[in-house]
Structure formats: structure tokens, C-alpha cells
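Chemist: One structure, as C-alpha cells, below. Some questions next.
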Amino acid sequence: MSALSENILDKLSIDNIKTQVLKNAYGNDDTVIAGMDPRFLLAWYCFFGIVPWFLDNVALLLLLFVFVAVTTKLAKVAPLVLLLFCVGVFSQTGYLLLVALFFGGDASTVLPLLVMSLKVAVVSLASITVFSGLDPDKLASGLLWYGCPDQLSFSISFAYRILPILMEEFQNILLSYRMRGVAPEHKTFFGKIRYLGYQIKIIIQAFYPLMLNTAKRSRTTVEALELKGYRYAVQDKRVKRMKLQMLKAGKADYLFAGISVVWVLVSVCVSRIYF
């Protein structure tokens, strides 16, 4: 039991969470998904992120779920993100099944909840696949190519880039709280539970200083951008053409798009014939 509790605490440590988040955002450059053109990925995401909400066929949704699960595997998503995905799906729809059965529901309750769960799962895995394989520059360039406003595409790219700074700032604030406080003894099992509660408490307390420091850093960044002429650069068409020169579709992009279309068509046919 002691070894199990220590293993759980190690997985929930700030250092491990920071490593998992940064790996998912910046450590997937060598995957199949990361090597694709962002325009194809964004178009693929628009389909798998919107269409499932209008489907009610369980077999079709299940086949789409299998496909996006394979793409998530190819994207080499961090285990922490997959854990949050499982917890999120259950917290949104899974618990409703247990509550319905507890209050007198029957087997007829399972089907509509299963449909809802599959919809959420397909859309969530599609989101994880795409945004795990897109670095800030590719994501911003893809959005810019589709006509997204320059300020919006830059804001999304900047949010990705500032993520490591936020994680480092958050860790520094937590360390400062630990230096000024006394952590409870955590050699016993109940001591580890109290220590976990202590960790959650200082995380909550660190929220306001983090937001304040982030606002100060953001102001400095905006002033630096203005000094370098960012406002005028985004309005110049030559700058836009230079940014979009990196977008080149290859055989892998057309192959991925073709496999996706074929899988969707086969899934529709199978769901109509056999179900």
C-alpha cells in the first residue's frame, strides 16, 4: 500500500505534470500527424469535430471512434492527456448511466447515453490528435491560410509559446509557498492523504499570483511587439505570403485524407447494411 501511494503521488507531482504537458505540446515533432500539412489537419478536424454531433447511429459512431483512436495512437499523446480524456468523458456522460440505473432505469437507458458518450469521445480524440501534432507556427499558419484574422491566429500561437513560461512560473510560486510553509508528515498512508490535500491547497493559493505575473509578462510582450512594428507587419500582404510559404502538401497528406474519406464511406455503408 505504501509503494502504491508513493507511485500515485509521483504521478501527481508538479514536475511530472509539467513534463507531460510540455511533451504533448512540443515533444511530438517526430510523429506521422506532426509531419502533415496543417491545412489538411484543420479540415480533418472540422469534419470529425462537428459531424459526429449530428449522428445518432451507434455503429457509425463506434467506427468513427475506432478511427480517431488509431490517429490518437499515431500522434503519441501523453498519458496524462489520455487520463484527463477518460475522466472527462465519464464525468460528462458516464455517470448519468449509473445515476439512471440507480433511480430505476432499465436497458433502454443505455442506448441514448452510449450515443452521447461516443459523440463526446470522437470529438475529444479528434481534438487531441490535431492539437498534439501541431506546433504553434503550423497552427497559426494554417488558421491564417483559411482566412482567420491575424490577431486571432497570433494569439493562439502566442498561447502555445507562453505555456512553458507559465509552467515555470507556476512551479516557482509553488516552491516559494513550500519554503514559507510546513508540509505535513507523509510517511504513513493517512499522512500521504493530508500531504495531497496540502498540495491542492497551495495550488489554489498560487492561482492569483500566477495570473498577476502572467498579466505583467503579457504587457511586456505586447510592448516589445509594438516596438518591432507588429501592428503594421500583420497588415502587409508580403509578410503573410512569407508566413505561408512553409505550407506544402505532400503524398502523406493526400494519403491520410484519402484513408479518412474511405473509412467514413465504409463506416456509413456498414452501419446502413448491418445495423
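Chemist: Look at Glu185 and say whether it is in contact with a Gly (Cβ under 7 Å, 6 or more places away or on another chain), assigned by TED's automatic domain parsing to the domain that holds Thr221 and not polar (S, T, N, Q).
Modeler: Judged against the criteria, Glu185 is a match.
Chemist: Can you go through Arg161, Arg241 and tell me which one is under 30 Å from Leu42 (Cα atoms), of a type in the set (Lys, Arg) and in contact (Cβ under 8 Å) with a residue 24 or more places away in the chain?
Modeler: Exactly one residue qualifies, and that residue is Arg161.
Chemist: Oh, and also: Within segment 65-88, track down each residue that is in a helix (DSSP H, G or I) and farther than 16 Å from Leu41 by Cα.
Modeler: Phe65, Val66, Pro79, Leu80, Val81, Leu82, Leu83, Leu84, Phe85, Cys86, Val87, Gly88
Chemist: In the set Ile203, Ile162, Ile193, which member is of a type in the set (A, V, I, L, M), under 30 Å from Leu247 (Cβ atoms) and surrounded by fewer than 17 Cβ atoms within 10 Å (Cβ to Cβ)?
Modeler: Ile162
Chemist: For segment 117-170, which positions are under 18 Å from the mean Cα position of the chain (by Cα) and among the acidic types (Asp, Glu)?
Modeler: Asp135, Asp137
The values are calculated or read from the model by the stated rules, or taken from the named source; none is laboratory data. These numbers come from a predicted model, not from an experiment. All Cβ positions, even for glycine, are placed from backbone atoms using ideal geometry, and neighbour counts span all protein chains on display.
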